[in-house]
Amino acid sequence: MSRRIIFALLVNVAAVLGLLWTMPFSRSSAQAAQCTFSLPQPTQIIPAVGATGVLTLTASNAQCAWTARSNVPWITLNTAASGSGTTTIRYTVMPTVSARQGTLTLGGNLFTIYQEFNACSTFSLTGLAQTVSLPTTPSPVGASNGGLRSFETAQSLLRDFNKDGRLDLVAVGGENNYVSLYFFLGQTGNAWSAPLTPLSFNILTEFNARISGVAAADFNRDGNLDLAALSEAATQAGEIRAQLWLIFGNGAGGFAAPQATALPTRLQVAGLAAGDFNNDNFPDVVLGHSGTPRGLVF
């Protein structure tokens, strides 16, 4: 083979290699396949007065492009609607006079915001008022009101625990010597399911037992709403024994067995609230201390 022919073959091979090297498919398509985004939590609870929130959208690659949008008019994004790489998302939730939920779409992830409002014992669903009557409960020993007590509407909340788009109800009531935390699933036609009792006390053995607070948040960060409850009872020595209960939800309207944390003896607690108070993307719990301006934070 002559040198001229060998040289021509080498030129052709070099041209083919150069064409392959300049083909534009490789880097962009590989980077697109590697782009994923994640959020530290899928939900957030906001009080009725409204609030601002901050969370981190984490990208798998600094070149990954993302978009952000609010899916309801009462949640406003305070950051850019698009960008690339890991970023901080800031949003504002407007005040409300009724319970509601809305979503943000962040890098393809759905972030759900629940906003609570507990004003009275009548709860509004899809524009129609519906009243839930719980069984009356015997009064603590020594009461003189005929042995009956209506359920405590102040200790109630509305949330979508089973993710079916309908609000479910949690309230405190009682029956047959028991004071209980009642849970009702919201159903079609503005109806309620038969109640579950995730937490219950016998007031004959737990003297002056009562549930003095209830809140909901995703405490174990599994994507399902859980319950926190505050209980009080008197000991034989006449002291107040308070306990904080965590009741993990399964996302389908069911709950695990309650887990108790004992609070300091003689602590007279009053009220319970849950939220991310220190902006670390973990739900916190605040307990009020009756008669003082102090409280406990968990």
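A short reminder: the numbers here are calculations on the coordinates, not readings from a lab. Not measured: the values here are computed from a predicted model. Cβ sites come from the backbone with ideal geometry, for glycine too, and all protein chains shown count toward neighbours.
Here are a few things to note about the model shown:
- Neighbour-count order for Leu55, Leu181, fewest beta carbons within 10 angstrom listed first: Leu55, Leu181
- Interchain or long-range residues, amide H under 5 Å from Asp284's placed H: Gly275, Asp276, Phe277
- Net charge contributed by nearby residues that have their C-beta within less than 15 Å of Ile247 (K/R +1, D/E -1): -3
- Packing-based exposure ordering (other Cβ within 10 Å, fewest first) of Ser38, Ser200, Ser156: Ser38, Ser200, Ser156
- Of every Cα-Cα pair in region 37-115, the percent that sits beyond 23 Å: 17 percent
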